[in-house]
Amino acid sequence: MTTLIQLEILRTLRNKRYLMFTVLYPALLYVFFISAYSGGSVAGGIPAKSYFMVSMATFGAVGAVLTGSAQRISLERKSGWVRQLRLTALPGRAYTLGKIASCAVTTLPAILVVFAIGGIEGVELSAAQWLGLGAALWLGSFVFAALGVALGYAAQPDSVQPIVMIVYMLMALFGGTWFPVGDSLKKFARFNPVYQYNQLASFTRPGQSVDTAAIAGLAGFLVLFVAAAAYLYRKDTKQA
Amino acid sequence: MSTRVNEGGEVAAFRNVSKSYGRVKAVNGLDLVLRPGETVALLGPNGAGKSSSLDLLLGLREPDQGSVSLFGGTPRAAIEAGRVGAMLQSGGLMGDVKVRELVKFACAIHPRAHRVEDVLRSAGIAEIADRKADKLSGGQEQRVRFALAIAGANDLIVLDEPTTGMDVTVRRQFWATMRAQADAGRTVLFATHYLEEADSIADRVLVLHKGRLIADGTSAEIKAKAGGRRITFELHSSDGVVDEAALRALPGTVSLDVTGHAEGLRTVRIRSMDADAGVAALYKAGFYPHGLEVTSLGLEQAFLTITGEADDEDRGAEGSEGSATENRDAEERAL
């Protein structure tokens, strides 16, 4: 199983589209936001460079896992690679676990590149805060990996790309990726995993502590997405 | 000798297996045993249930009825023990990965793996080992998938239309490799559309039609079952009147077909179970045949005849037997 995971990671890092979309694109957007706000703050008084460092890291991480799992799984179900793997001694769950594991590795560059730019631009955090934030964002990305697996088993290859894009963009739009969620929308934002994901960074802000509601919310989404993915995986196995 | 049901005598067994998709019966009451060392061809028109049968054999699908066993256990257990290698029709390859990496992966997960270089060589893909697996021609891709199927010391190799997309040279190389596998004592089961492959490679031929096994034997037996050989000749009216009843009465005649092209010229085609006796009787009866040819019925014609007969049986009482025979002969002529 480790050989499959190695291979999955290798091919993802080799894929230029992956690097463009999930590493370079959020990094460029981040640089753009910093200059657009020219040292100012977003609504709520958080410095733009701190706010967008988190939201662009999560944007890249969610993009990495959704495309890495949903699109690949859907395409490989269609192409017959999934069937091919079922004719090997690998246990059935190895394929899905391999996808999630490679997603988990590939979100790191997306997070670290944006962090590096933030550091250069003068985002000031203690060492513990940098580590804690990195770990929180990395762990949070597993929720979206599970969502990606579920979407990959639910959608056909010709429709998976638009479905992933719509889900991704709607979650980003109302999750605080481009601008902070206004008070009127906050009661709905609870139902948006990307909003909860961005909230994980609250402990780095002065006068705020760890957002336990966000952690609980993400845990709930994780359970939901894993259950959906497991159900859809079993259904697919019977049909293949 | 009593029937051998011990593991040594039985590679795979279907016992009264049926599988439906919606209202379509893809496999219908299949009973079949494969024995060690056999090279078996699975023939059938499109939709005959070949791929479905292979899916059931490999445990990719569960039968609605009956049971499938591989080496005395479940298909999954046999695959996990590394005893089965398979190459299916739709076996896409991983993208962004080199051929060598893919083969290395297949060897790494095989419980009885061969060496990577050996697998590359036997599958004939050593020279494309550094190419990306998703940037290959159809025939090359097919050989890579074959490499994945022979990454270890399997006892059974299952191939679903393995030579589709290969050109003639590559196809010949492929079968040479396959024969080497069979010579090493492996059991090989392959589905194919190319009947000459079944004829020249398999020592046992199975014909599936509408989910049922309608013939099982050597290629020669299948041909004999379809009505051995064909006698073709011309009769000129100057040599006398053509008496169809007398032609039909020739020994061994299975079917008769008389056509007239030009004035006073008749072409006669007889399918015969005993062509030698038929020809002798033809002269004895006073006929003077021109351009007489006796040809063996190819496996392709035998195949069409057998599946055609199965269709006639399905049609049952409706339509006379005579018209069905004419249809069948018309199919043969079309070849």
Proxy reagent accessibility, fewest Cβ within 10 Å first, across A:Ser141, B:Ser20: B:Ser20, A:Ser141
Förster-model FRET efficiency, 41 Å R0, A:Ala116 and B:Ala153, C-beta, rounded to 0.05: 0.25
Cα-based shape type of the stretch B:68-217, given that a ≥ b ≥ c are square roots of the gyration tensor eigenvalues and the cut on a/c is 1.5: oblate
Cβ-derived FRET efficiency at R0 41 Å, B:Asp167 paired with B:Ser238, nearest 0.05: 0.25
Shielding of A:73-84 by partner chains, average beta-carbon count, 10 Å: 4
Neighbour-count order for B:Thr259, B:Thr74, fewest beta carbons within 10 angstrom listed first: B:Thr259, B:Thr74
Average beta carbon contacts from partner chains per residue of B:74-86, 10 Å cutoff: 2
Modelled FRET efficiency - R0 56 Å, B:Ala81 with A:Leu139, Cβ distances, 0.05 increments: 0.90
Global geometry of chain B, whether rounded, prolate or oblate, following the gyration tensor of its Cα atoms and the 1.5 cut on a/c: prolate
Inter-chain shielding of B:144-153 (mean C-beta neighbours from other protein chains, 10 Å cut-off): 1
Fully extended contour minus Cα-Cα distance, from A:Phe32 to A:Glu124, at 0.36 nm per residue: 31.2 nm
Amide N proximity, the stretch B:27-50 versus B:Ala310 label position 7 Å along Cα-to-Cβ, cut-off under 15 Å: B:27-32, B:41-50
Eligible aspartates and glutamates near B:Lys19 by straight Cα distance, threshold 15 Å, same-chain separation 8 or greater: B:Asp31, B:Asp55, B:Glu62, B:Asp64
Cα gyration tensor shape for the protein assembly as shown, rounded if a/c is under 1.5, else prolate or oblate: prolate
Relative contact order (percent, whole number), chain B, Cα cutoff 8 Å, 6+ residue spacing: 17
On Cα atoms only, tilt of A:94-121 relative to the major axis of chain A in degrees: 20
Proximal aspartates and glutamates relative to B:Lys104, as straight alpha-carbon distance under 20 Å, when same-chain residues fewer than 8 apart are discounted: A:Glu8, A:Glu76, B:Glu80, B:Asp96, B:Glu117, B:Asp118, B:Glu127, B:Asp130, B:Asp134, B:Glu141
Theoretical gain in end-to-end length, B:Asp118 to B:Asp203 [0.36 nm per residue, Cα-Cα removed]: 27.9 nm
Of B:Lys50/B:Lys223; A:Lys78/A:Lys99; A:Lys238/B:Lys132; B:Lys50/B:Lys225, those spanning more than 26 Å from alpha-carbon to alpha-carbon: A:Lys238/B:Lys132
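Computed from the coordinates by the stated procedures, all read-outs in this text should not be read as laboratory data. Nothing here was measured: the structure is a model prediction, and the numbers come from that model. Positions of Cβ are backbone-derived with ideal geometry, glycine not excepted, and every protein chain shown enters the neighbour counts.
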